[in-house]
Amino acid sequence: MTLLVLIAQAYQFVVCFTMPAGWEERYLWGVFSIMIFCMTWGSILLLERLWSRLREKNFSPVLAWCAGSALCIGILAGEILAIDKGNNIAYLFHPEKDVAVLEAYRELPWLVYGYSRPGGVYSYYDWMIPEKICFVTENNTPEDAEAVRALPADSFILYTFEEYLPGALEFFEEELGQELTALYLTKSTNLSVYLIQ
């Protein structure tokens, strides 16, 4: 059991600290299966040991079953408390993310500034909400300018990294020829969401 747990922790270390370009909690997903395997195997070993000890001391089978069940429930409760439906894991659970607000603005065009990989992982679910969405880079290229000028509405939703907002607003104002304001709506993973009008 000790060897299996050490292997799982070594695997977690390799995955989280050497493979990804960014240290994100989502890379822990791959380790869950190994950790669950270790937990299950460890539980079996503990139960076998407990069973043999109880038999040696002539405990009743009912008491042995109760002790085994209590141990299993305790381990399960510990796992549930640790995972807690993704609570405090930024990639799984966003207490600050308001999906209802995003849904309310689905008819406006959405523009993602500075994160130009529509197939990427950041806010991937969100990209399925709007009727129109456009990805532009933070480099303000002629293609980016053309995409901004082609926006079909006076206001739009902007997804961007918080530090990119001032540069993005300046770029949009220059291309659209009007002064714009940004109203913060919510946050989704690492990107902040604004209503630009």
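The values are calculated or read from the model by the stated rules, or taken from the named source; none is laboratory data. Model, not experiment: these values are computed from the prediction. Cβ sites come from the backbone with ideal geometry, for glycine too, and all protein chains shown count toward neighbours.
Could you list, in sequence order, the residues of segment 170-183 that are part of a strand (DSSP E or B) and touching a helix residue (DSSP H, G or I) at 6+ places or on another chain (Cβ under 9 Å)?
Listed by number, the list holds a single entry, A182.
Of the residues in segment 103-143, how many are of a type in the set (A, V, I, L, M, F, W, C) and at pLDDT below 85?
Residues flagged as of a type in the set (A, V, I, L, M, F, W, C) and at pLDDT below 85 within segment 103-143 amount to 3.
Considering only residues that are at pLDDT 75 or above and outside any loop (DSSP other than H, G, I, E, B), look in segment 79-102 and name the one that is surrounded by the fewest Cβ atoms within 10 Å (Cβ to Cβ). Steps first, please.
First, the residues of segment 79-102 that are at pLDDT 75 or above: 97-102.
With the extra rule that they be outside any loop (DSSP other than H, G, I, E, B), the set shrinks to 99-102.
Numbers: V99: 13, A100: 7, V101: 13, L102: 21.
My answer is A100.
Test A153 against the criterion of being closer than 19 Å to P130 by Cβ and assigned to a helix (DSSP H, G or I), and give yes or no.
Taking the combined requirement at face value, the residue does not satisfy it.
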